1. Go through the stretch 294-305 and give me each residue that's in contact with a helix residue (DSSP H, G or I) (Cβ under 9 Å, 6 or more places away or on another chain) and loosely packed, with under 14 Cβ neighbours inside 10 Å.
2. Within the group 266, 259, 252, 292, which residue is over 22 Å from residue 178 (Cα atoms) and under 27 Å from the mean Cα position of the chain (by Cα)?
3. Please go through the stretch 29-55 and pick out each residue that is at pLDDT 95 or above and under 18 Å from residue 121 (Cβ atoms).
4. Out of all the residues in the stretch 90-101, is one or more part of a helix (DSSP H, G or I), farther than 27 Å from residue 246 by Cα and outside the structural domain of residue 243 (by TED's automatic domain parsing)?
5. Condition check: modelled with pLDDT of 95 or more and under 30 Å from residue 190 (Cβ atoms). Does residue 230 satisfy that?
């Protein structure tokens, strides 16, 4: 009877731990922030403290996990001490998160927020698994969530806005490269969609493929996507060369640019979805214009910002002309009098 009471009390401790972490997780996920100044902010010391608390979270999790790896389980008093230490580390992490000035950069804050939430979500799962261990002596979830906390705690954090912006641009460039690969794959099937199930009343049972005009149109599409890729490549080079994190206005410039590029991937996707046979030329041109529009805006932003200088005018002009050329080519190739390519 005493054992049953202790198990219930241990379960209550872990439920309280889970609930407490849930509360702070909800607050951080909701985007609550203190817009404090950065006059007293010491970047290097700050990130050293963040690294240290991540390691301590992993360590405290390991202690609890090992303590409940087999019976006899620790007493309620000893368990409460271990739970308290873990909660202290959680509160330290939350306090650190809120003490980072928003002036360090929105892109950095988003990256940092995701890392913190990943650790907290894993800790919630870990706390829940301990309750299960106490009540049912099942250890699979405890081991799984212990490993998840270790992995989340060892996540390599990017620690300035410039690095985070460059990461975002690289990720967008990878998605654009995937789109180019999709165009090549579509060429291998002549615009047909592999695995497409024909309707029962289809008399011919044939998958639609590209006409000669379609092939010429898709070549123009590929040119526009390649221009997008080139713009992103040059953008990353500009960020590497002139991106600044020591001036609030320069940090904002980086954030504004990455925000502007955030729609590129979806616009490329919408554009590429239109290349499959039977090709819808009207939809293709519409999405081509939307893609061209965002590339032009990005190029103009770069021209007007401190991310470029006079030495960049040549390639900025070249890419602007490439956007215009490829869009005009697309419009020309989709005209009815281009049936023969």
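The values are calculated or read from the model by the stated rules, or taken from the named source; none is laboratory data. Keep in mind that what you see is a predicted model, and the values were worked out from it rather than measured. Note that each Cβ is placed from the backbone with ideal geometry, even for glycine, and that neighbours are counted across all protein chains shown.
1. Taking the stretch 294-305 first, the residues in contact with a helix residue (DSSP H, G or I) (Cβ under 9 Å, 6 or more places away or on another chain) are 294-303, 305.
Residues satisfying the conditions are 297, 300.
2. On the way: 266 fails: over 22 Å from residue 178 (Cα atoms); 259 fails: over 22 Å from residue 178 (Cα atoms); 292 fails: over 22 Å from residue 178 (Cα atoms).
Unique residue meeting the criteria: 252.
3. Selection gives 50, 53, 54.
4. We begin by selecting, within the stretch 90-101, every residue part of a helix (DSSP H, G or I); these are 90-99.
Okay, now just the ones that are also farther than 27 Å from residue 246 by Cα, so 90-91.
Still in the running and outside the structural domain of residue 243 (by TED's automatic domain parsing): 90-91.
Checking the stretch 90-101: at least one residue is part of a helix (DSSP H, G or I), farther than 27 Å from residue 246 by Cα and outside the structural domain of residue 243 (by TED's automatic domain parsing).
5. Against the criterion (modelled with pLDDT of 95 or more and under 30 Å from residue 190 (Cβ atoms)), residue 230 qualifies.
One line per residue, one yes/no per condition, for (1) without any contact (Cβ under 8 Å) to a residue 24 or more places away in the chain; (2) surrounded by fewer than 16 Cβ atoms within 10 Å (Cβ to Cβ); (3) in the same structural domain as residue 254 (by TED's automatic domain parsing):
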{"position": "147", "(1), (2), (3)": "yes, yes, no"}
{"position": "166", "(1), (2), (3)": "no, no, yes"}
{"position": "169", "(1), (2), (3)": "no, no, yes"}
{"position": "176", "(1), (2), (3)": "no, no, yes"}
{"position": "181", "(1), (2), (3)": "yes, yes, yes"}
{"position": "184", "(1), (2), (3)": "yes, yes, yes"}
{"position": "187", "(1), (2), (3)": "no, yes, yes"}
{"position": "190", "(1), (2), (3)": "no, yes, yes"}
